[in-house]
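Colleague: Sharing a structure here in structure tokens format.
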């Protein structure tokens, strides 16, 4: 028998499928990338041993496998740059740490400028990034063409390319591999990953969380972390408070498989699309949210058409590419387009949400600071500014338009 | 893409419309009396429920008027629409 075939048919499961215990020291609600990352660091950095992740679906079903896999840290504001740069530095060692080939590829991220305003904002962001220790460069149109030969920089273009910012350390990773790696790592560290387990109520006694009611029975918990992205509002309502989040569909698409022609990530605010090419060869494209609230994990075809027409602007040759698949996920959008990671009005209940359209890139850093917050009961310095109370104090981190992408 | 029934023009495709978020959010009667917490709620917090949801739409590429729609955020089912000033029960 071919040993490879043997391996395929006898591939070991990457994680156990345990029955929930009656009680845990900490339970993470949400088995996505950020939830598993949180559990991973709770064990690795803080030594917790009796923890579970509960997931209503299954691991590798939600946004973990619906994102466009872009990783970068070139955010304008100090708080965001610190958060995302920390995450990027963790990405740089993560494949080795998790002992899994996550195909992390620092192929560079271009953010194109198409008008004078874009150019000025881009150069401002490059300078802000450099002051924060984030690698950033400004390229003129000729340099853009040199770095990414298939971008159309002709002056006849409807939105001519005037230049771009480049973060060379940015890039992509294979999202399926990341969620597999995290599931396996958590399981190996003794975390119970409980799939098919929907939270139906949150037990709060005297302002303190004591456990969860789930579709697989009650689970007592010393601490609870809500890491449920687009479904966070439904959970916090169970605990008696609201978060300033609106859940929207975010759609993406892939083309059929082609030879490698696009060597980096290309993003554009003005024509509004972001494009990369997966290792396997599909062109991966995404853009903005569908405008309306939804939990349905699908959106309108006209939004996909707009993405593709924007893609044609930058890469006329893609007009002959064919769409293989489109899909939608539900993203949790905050009024200031920045996440909420920290304490809640309920004692021992913590929330990590609001990453909106850009959570994938933050996966390691998000889990790292969330684990710190849960373990110590205090936010890490990196997530302290990303508090739920900032909407009351007015200390917003307004990344709408500033974050190198329109949301 | 779904169809939305504009109460003034009839059913049209979704790209003709702009979204306006949750309906029936009244401006505070006495804003100077609000606490920071109440002001936060008015400025930033909107219902984000799964199920039937009253929301505002503007027929931007048509009559350009605002109106309200009842839509299911879990299924995208269009329950009905009604004019500003009418009640959700009037949706059809």
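The values are calculated or read from the model by the stated rules, or taken from the named source; none is laboratory data. If you're wondering where the values come from, they're calculated on a predicted model, not measured in any experiment. Note that we place each Cβ from the backbone using ideal geometry, even for glycine, and neighbour counts take in every protein chain shown.
Colleague: Counting residues that are under 21 Å from residue A:182 (Cα atoms), which strands (runs of 3 or more DSSP E) fully inside the range A:1-113 reach at least 3?
Modeller: A:23-29, A:51-54
Colleague: Something else now. Just checking, how many residues over the range A:26-49 are over 22 Å from the mean Cα position of the chain (by Cα) and either crowded, with 16+ Cβ neighbours inside 10 Å or farther than 14 Å from residue A:190 by Cα (or both)?
Modeller: Summing the residues that are over 22 Å from the mean Cα position of the chain (by Cα) and either crowded, with 16+ Cβ neighbours inside 10 Å or farther than 14 Å from residue A:190 by Cα (or both) in the range A:26-49 gives 2.
Colleague: With the requirement that a residue be more than 22 Å from residue A:331 (Cβ to Cβ) and surrounded by fewer than 19 Cβ atoms within 10 Å (Cβ to Cβ), what does the range B:75-90 give you?
Modeller: B:78, B:79, B:80, B:83, B:84, B:85, B:86, B:87, B:88, B:89, B:90
Colleague: Further question: Taking only the range A:296-318 into account, find how many residues are away from chain B (no Cβ under 14 Å) and touching a helix residue (DSSP H, G or I) at 6+ places or on another chain (Cβ under 6 Å).
Modeller: 3
Colleague: Tell me whether the range B:45-54 contains one or more residues that are touching a helix residue (DSSP H, G or I) at 6+ places or on another chain (Cβ under 9 Å), facing another protein chain (nearest Cβ under 8 Å) and more than 28 Å from residue A:234 (Cα to Cα).
Modeller: No, because not a single residue in the range B:45-54 is touching a helix residue (DSSP H, G or I) at 6+ places or on another chain (Cβ under 9 Å), facing another protein chain (nearest Cβ under 8 Å) and more than 28 Å from residue A:234 (Cα to Cα).
Colleague: Another one. In the set B:77, B:55, which member is free of Cβ contacts under 8 Å to residues at least 24 places away in the same chain and under 21 Å from residue A:297 (Cα atoms)?
Modeller: B:77
Colleague: Hey, can you tell me all the residues within the range B:7-31 that are in a strand (DSSP E or B), touching a strand residue (DSSP E or B) at 6+ places or on another chain (Cβ under 6 Å) and away from chain A (no Cβ under 14 Å)?
Modeller: If the condition is that a residue be in a strand (DSSP E or B), touching a strand residue (DSSP E or B) at 6+ places or on another chain (Cβ under 6 Å) and away from chain A (no Cβ under 14 Å), then B:11 is the only one that fits.
Colleague: Could you list, in sequence order, all residues of the range B:58-74 that are within 12 Å of another protein chain (Cβ to nearest Cβ), free of Cβ contacts under 8 Å to residues at least 40 places away in the same chain and surrounded by fewer than 17 Cβ atoms within 10 Å (Cβ to Cβ)?
Modeller: B:72, B:74
Colleague: Right, next: Residue under question is residue A:153, and the condition is that it be touching a residue at least 60 places away in the same chain (Cβ under 8 Å) and either surrounded by 20 or more Cβ atoms within 10 Å (Cβ to Cβ) or in a loop (DSSP other than H, G, I, E, B) (or both); does it hold?
Modeller: no
Colleague: Any idea how many residues of the range A:319-334 are modelled with pLDDT of 95 or more and either part of a helix (DSSP H, G or I) or within 14 Å of chain B (Cβ to nearest Cβ) (or both)?
Modeller: Of the residues in that region, 7 qualify.
Colleague: What is the one condition in (1) within 14 Å of chain B (Cβ to nearest Cβ); (2) at pLDDT below 95; (3) assigned to a loop (DSSP other than H, G, I, E, B) that residue A:293 does not satisfy?
Modeller: (2)
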